[in-house]
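Asks: One structure is given below, represented as structure tokens, and several questions about it will come after.
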Amino acid sequence: MTADSREEILHRIRKGLGKGEGGEGKDPYPPEPGSSSAGAEPYGDGLARVFEESLSGIDTSVYRAGRDGVLEFVTGFIKERGVKSFSIWETEYLESLGIAESLEGGGLDIAPAEDKAGIAGTGIGITEADYAIADTGSLVLLSAPGKPRGVSLIPPVHLAIVRKENILSDMWELFGVLNGIYESHDAIPACTTFITGPSRTADIELNLTLGVHGPKELHVLIVS
Amino acid sequence: MNFERDSARAVGDKKLQSALINVTDRFRAARKRASDETPGWDDLRGRAREIKKHTIAHLDEYLLELERNVRKAGGRVHWARDAEEARNIIIDIARRNGVKSVVKSKSMATEEIGLNDGLEAAGIRAVETDLGEYIIQLAGEHPSHIIAPAIHKTRHDISELFAEKLGVPYMSEPQELTKVARERLRGEFLGAGMGVSGANFGVAETGTIVIVENEGNARLTTTVPPIHVALMGIEKLLPRFGDLSLFLPLLVRSATGQKTSTYISLITGPRRDADKDGPREFHLVLLDNGRSGILADRETRESLYCIRCGACLNNCPVYRKVGGHSYGWVYSGPIGTIINPQLMGIDRAPELPFASSLCGACRDVCPVKIDFPKVLLELRSKVVTRKEKTGQAAAIMEALSFRFWRAVVTHRRIYELALRLSRHAQRPWKRGGVLRSLPYPFSRWTDERDFPAVSETPFRERWRKIDRKGGPR
């Protein structure tokens with residue numbers, strides 16, 4: 001059934017386009033304009049500041065810390081909220097900071113990533129954004145074995161740690177970087193997620209409501 | 001479908017009228033601001049159009065490239081000629097895996113194929129998870145706007161609906177209502193055997209499908225259940241991964257006026273072996289359902305460039321009065337007037353190309369610069385030619401009237417005589433410069449609007465006087 005449909009659809013398309021079955025010589029892909037990011041000047045040293053400003057416009061709390069201050073910040077952040085369990089990405093950087101051990105030592109439970117209902121029951125998910133986009137205030141998360149998608153999605157609070165050097169200026173720059181990484185097909189993750197602010201809806205009389213499906217709160221810690 | 005009847009009903013519905021103005025004004029203002037703030041907006045639209053034009057001209061090649069790359073990433077690709085085949089493919093996947101319940105994220109393509117009814121008929125529960133779509137599904141209705149499907153419902157309507165269908169107490173705060181939906185739908189996500197989504201874009205180069213949203217329900221739909229099926233119209237293709245850096249901002253800014261949406265998911269195949277979450281199976285269903293037929297007409301082919309942002313709806317003076325349900329099918333507003341007749345067959349929607357004032361506001365905001373007035377005129381001419389060929393009385397009458405009109409206006413003396421006669425003939429109906437109600441067949445016009453009366457002293461005569469006095473030349 002499907003094989004026939006495939007041939008039939010391709011045949012209809014070629015007929016519609018007035019082409020032979022083999023597909024004729026391609027006219028070239030439209031040439032790139034000089035620079036796609038028209039007017040997007042590099043922000044230079046101010047990137048983190050621009051990122052901060054963008055985030056504050058989209059209901060997101062921003063914090064700053066030096067590398068040495070991250071552990072203290074995260075512990076305080078969690079204590080303040082009184083949650084009993086959490087889920088966290090297992091990246092090299094987060095492990096080097098010893099966040100998971102320290103929180104477990106403090107009597108909190110970690111929900112394993114395989115356990116969706118478990119993650120759903122936790123109060124907070126902690127991730128490390130692979131990239132951030134200053135211009136839009138977006139976090140970019142690439143899925144991987146230690147980096148499950150549910151952690152930034154299922155708990156009611158998402159805390160993302162962003163290393164200052166991973167902040168890019170705009171979407172054009174980001175896609176340039178991703179294109180470089182994804183050149184080899186094996187390097188493409190199952191899911192690349194852009195997150196800009198907390199989950200929102202305006203489906204009831206255009207009233208803005210946060211936390212409809214994803215986290216109600218998004219907190220970003222910039223580490224310099 | 002019956003555009004005349006349904007639009008008349010919509011215009012008389014006060015609640016709907018205020019909801020329509022409210023939502024379209026909000027989206028229009030937001031789009032305007034976002035596009036003004038984007039440097040080189042018009043050039044970006046031009047470039048997007050070029051890329052779409054190129055993609056559609058090579059649709060077969062790019063579809064094959066997409067198929068190859070989805071497979072390389074471990075996904076499966078299915079081709080569906082029409083709605084029935086698409087439904088059967090999806091039902092089959094569900095049956096093979098013993099799926100009893102399906103969660104869905106918002107997708108116009110699944111509306112187009114009537115997937116929910118198909119699944120229910122096959123004994124599989126389908127639950128819409130976008131808040132607006134969830135409300136519509138509970139009410140047993142259809143979406144009235146591409147981006148905001150439940151805008152025609154007030155919080156009061158929704159409170160009553162939830163109380164009746166979900167057995168919760170009456171509550172009128174949107175926050176409370178949203179919380180009820182969140183809790184109900186969480187259970188659905190965790191229990192579903194399969195998630196079905198649409199796709200805003202499919203990237204040939206990488207085999208990636210892209211979903212843009214604000215709520216997070218599409219992320220849950222494509223992450224939590226063990227199987228993910230995406231249904232995509234064959235025209236939603238982009239050649240290169242990097243094209244997204246152009247198309248994503250264009251789509252979101254045109255749709256809601258946000259700089260970017262809350263969530264964007266770029267999905268390439270199922271979860272990798274060592275990944276700890278994400279679906280174990282990924283299926284992409286490529287839907288033709290009349291799209292390939294649009295290719296053959298070079299004049300209307302650009303209808304396939306559409307990226308479904310909804311900006312044309314919000315800016316259309318007709319949509320803003322008649323709302324989404326008058327268009328009789330899933331797509332409404334200007335985009336509905338051009339693609340419904342082409343996808344359904346022009347005989348099944350002959351009224352739609354006429355549901356436009358040809359003002360061109362849609363063309364001016366379209367992120368891929370679709371020339372709506374041109375396409376509409378082309379379709380109108382097809383409708384009229386067809387009617388004349390089949391000898392429909394009204395069509396013949398109309399053709400004769402226009403021939404008569406041409407004879408009058410192209411002969412000066414006949415024209416002047418006709419004007420003079422009309423000036424006298426109109427007197428019994430003239431009220432303050434307009435004709436309010438005329439006898440048949442002219443009542444076809446005056447039933448719905450006034451007709452301007454012929455002036456007592458035409459400009460031509462006034463000009464003669466000015467000219468004699470040596471006035472301005």
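Quick note: the coordinates plus some simple rules give every number you see, no bench work behind them. Note that the structure is a prediction, hence the values are computed from the model and not measured. Positions of Cβ are generated from backbone atoms using ideal geometry, with glycine treated the same way; all protein chains shown enter the neighbour counts.
Asks: How much mean residue ellipticity at 222 nm does chain B get from its helices, if each DSSP H run of length 4 or more adds -39500 (n - 2.57) and you divide by all residues, to the nearest 500 deg cm²/dmol?
Replies: On the way: 22 runs with 241 residues, N = 473.
So the calculated ellipticity at 222 nm is -15500 deg cm²/dmol.
Asks: Give me the compactness ratio for region B:1-95, meaning the Cα radius of gyration over 2.2 N^0.38 Å.
Replies: Working: Rg = 21.5 Å, N = 95, 2.2 N^0.38 = 12.4 Å.
Expressed relative to 2.2 N^0.38 Å, the Cα Rg reads 1.73.
Asks: Ok, one more. Between A:Asp186 and A:Lys79, what is the label-point separation in nm under the 7 Å Cα-to-beta-carbon projection?
Replies: For A:Lys79 paired with A:Asp186, the spin-label model returns 4.6 nm.
Asks: A further question on this structure: Let me have the relative contact order for chain A, percent, based on Cα pairs under 8 Å that are six or more residues apart.
Replies: Working: 352 pairs, mean separation 52.8, N = 224.
24 percent.
Asks: Along the principal axes of its C-alpha atoms, what lengths does region A:115-224 span, in descending order and rounded to whole Å?
Replies: 41, 33, 29
Asks: Relative to the longest principal axis of the C-alpha atoms of chain A, give the angle of the C-alpha long axis of helix A:171-181, reported between 0 and 90° and rounded to the nearest 10°.
Replies: 80
Asks: Taking every alpha carbon pair in chain B, what does the distance histogram look like in 20 angstrom bins from 0, in percent?
Replies: Percent of Cα pairs in each bin: 21, 50, 22, 7, 0.
Asks: Separate question: Taking each pair of different alpha-carbon atoms in region B:252-384 once, compute 1/r for the pair, average those values, and report the inverse of that mean as the Kirkwood hydrodynamic radius in Å to one decimal. Kindly include the intermediate steps, with their values, before the conclusion.
Replies: Values: mean 1/r = 0.0603 Å⁻¹.
Answer for region B:252-384: a Kirkwood hydrodynamic radius of 16.6 Å.
Asks: Return an integer: the convex hull volume of the alpha-carbon atoms of region B:319-407, in Å³ per residue.
Replies: Details: hull volume 10.3 nm³, N = 89.
Per residue, the Cα convex hull of region B:319-407 comes to 115 Å³.
Asks: Between B:Thr385 and B:Arg298, how high is the FRET efficiency from 1/(1 + (r/R0)^6) when r is the Cβ-Cβ distance and R₀ = 22 Å? Nearest 0.05.
Replies: Values: r = 17 Å, r/R0 = 0.79.
Efficiency for this residue pair is about 0.80.
Asks: Which helices, counted as full DSSP H runs in chain B, have an axial Cα extent of no less than 18 Å and a Kyte-Doolittle average of 0.5 or above? Write down the numbers at each step before the final one.
Replies: Working: long enough: B:14-37 (35 Å, -0.97); B:41-57 (24 Å, -1.21); B:59-72 (20 Å, -0.88); B:83-96 (20 Å, -0.29); B:174-191 (26 Å, -0.79); B:372-389 (25 Å, -0.44); B:393-409 (24 Å, 1.12); B:412-425 (19 Å, -0.52).
Helix filter hits for chain B: B:393-409.
Asks: Also, I was wondering about something else. By DSSP, what percent of the beta bridges with both residues in region B:123-247 are antiparallel, rounded to the nearest 5? The partial results should precede the final answer.
Replies: Numbers: 3 of 8 bridges.
So the antiparallel bridges in region B:123-247 amount to around 40 percent.
Asks: Give, rounded to the nearest 20 debye, the magnitude of the charge dipole that the protein assembly as shown has about its Cα centre when Lys and Arg contribute +1 at Cβ and Asp and Glu contribute -1 at Cβ.
Replies: Here the size comes out at about 4360 debye.
Asks: Would you mind pulling out the separation of the Cα centroids of region B:277-315 and region A:134-212, in Å?
Replies: After rounding, the separation between the Cα centres reads 26 Å.
Asks: Still on this structure: Give me the one-decimal Kirkwood hydrodynamic radius in Å for region B:411-468, with the sum taken over alpha-carbon pairs.
Replies: On the way: mean 1/r = 0.0789 Å⁻¹.
The answer is 12.7 Å.
Asks: Summarise the partner chain shielding of B:236-242 as one whole number: the mean count of Cβ atoms from other chains within 10 Å of each residue's Cβ. Write down the numbers at each step before the final one.
Replies: On the way: counts 0, 0, 0, 2, 3, 6, 8.
Taking the mean over all residues of the peptide, I get 3.
Asks: Another question, then. May I ask which residue of B:Leu435, B:Ser422, B:Trp445 lies farthest towards the positive end of the charge dipole of region B:411-468, with charges of +1 (Lys, Arg) and -1 (Asp, Glu) on Cβ and the Cα centre as origin?
Replies: B:Ser422
Asks: When Cβ neighbours within 10 Å are restricted to other protein chains, what is their mean count per residue of peptide A:148-156? Could you put the intermediate results ahead of the total?
Replies: On the way: counts 6, 11, 7, 2, 3, 7, 9, 0, 1.
Partner-chain Cβ atoms within 10 Å, mean over residues of A:148-156: 5.
Asks: Could I ask something else about it? Quick check on chain A: of the DSSP beta bridges with both residues there, what percent are antiparallel, nearest 5%?
Replies: Details: 10 of 33 bridges.
Percent antiparallel among DSSP bridges in chain A is about 30.
Asks: Take A:Ala3 and B:Ala121, extend 7 Å from each Cα along the Cα→Cβ direction, and tell me the distance between the two endpoints in nm.
Replies: 2.8
Asks: Under the Kirkwood approximation for Rh and a Cα-based Rg, what ratio Rg/Rh is obtained for region B:177-332?
Replies: Numbers: Rg = 17.3 Å, Rh = 17.5 Å.
Here Rg/Rh amounts to 0.99.
Asks: So, one more: Can you give the % of DSSP beta bridges in the protein assembly as shown that are antiparallel, to the nearest 5? Provide the component values of the computation, followed by the final result.
Replies: Values: 27 of 74 bridges.
Approximately 35 percent, going by the DSSP bridge assignments.
Asks: Under unit Cβ charges (Lys, Arg +1; Asp, Glu -1), what dipole magnitude, rounded to 20 debye, does chain A have relative to its Cα centre? Mind dumping the intermediate values first?
Replies: On the way: 19 positive and 34 negative charges, 94 e Å.
Dipole size: approximately 440 debye.
Asks: May I ask you to sort A:Glu114, B:Glu351 by Cβ crowding, counting other Cβ atoms within 10 Å and putting the fewest first? Kindly include the intermediate steps, with their values, before the conclusion.
Replies: Working: A:Glu114 11, B:Glu351 18.
Placing the least packed residue first, the sequence is A:Glu114, B:Glu351.
Asks: What list do you get for A:His219, A:His213, B:His228 if you sort them by fewest beta carbons within 10 Å? Let's see the in-between values first.
Replies: Values: A:His219 19, A:His213 30, B:His228 26.
The most exposed by this proxy come first: A:His219, B:His228, A:His213.
Asks: Find the percent of Cα-Cα distances in region A:57-191 that exceed 26 Å, and round it to a whole number.
Replies: Working: 2171 of 9045 pairs.
Counting every Cα pair in region A:57-191, those more than 26 Å apart make up 24 percent.
Asks: Quick one: which of A:103-110, B:330-337 comes out on top by average Cβ neighbours within 10 Å, and what's the full order, highest first?
Replies: Numbers: A:103-110: 14.1, B:330-337: 26.1.
Listed from highest to lowest mean packing, they are B:330-337, A:103-110.
Asks: Debye sum, Cα scatterers, the protein assembly as shown, no solvent: what log₁₀ I/I(0) at q = 0.05, 0.06, 0.07 1/Å?
Replies: With one equal scatterer per Cα and no solvent, log10 I(q)/I(0) is -0.28, -0.40, -0.52.
Asks: For labels at B:Asn88 and A:Glu32 in the simple 7 Å Cα→Cβ model, what's the distance in nm?
Replies: Here the answer is 4.6 nm between the modelled labels.
Asks: Nearest 0.05, what FRET efficiency do A:Asp59 and B:Trp445 give at R0 = 60 Å with Cβ-Cβ as r?
Replies: On the way: r = 52 Å, r/R0 = 0.86.
So the FRET efficiency works out to roughly 0.70.
Asks: I've got another one for you. Grab the Cα-Cα distance for B:Arg68 and B:Trp429, subtract it from 0.36 nm times how many residues apart they are, and report the gain in nm with one decimal. Present the calculation step by step, with values, prior to reporting the outcome.
Replies: Working: separation 361, 0.36 × 361 = 129.96 nm, distance 6.96 nm.
Between B:Arg68 and B:Trp429, full extension yields 123.0 nm more.
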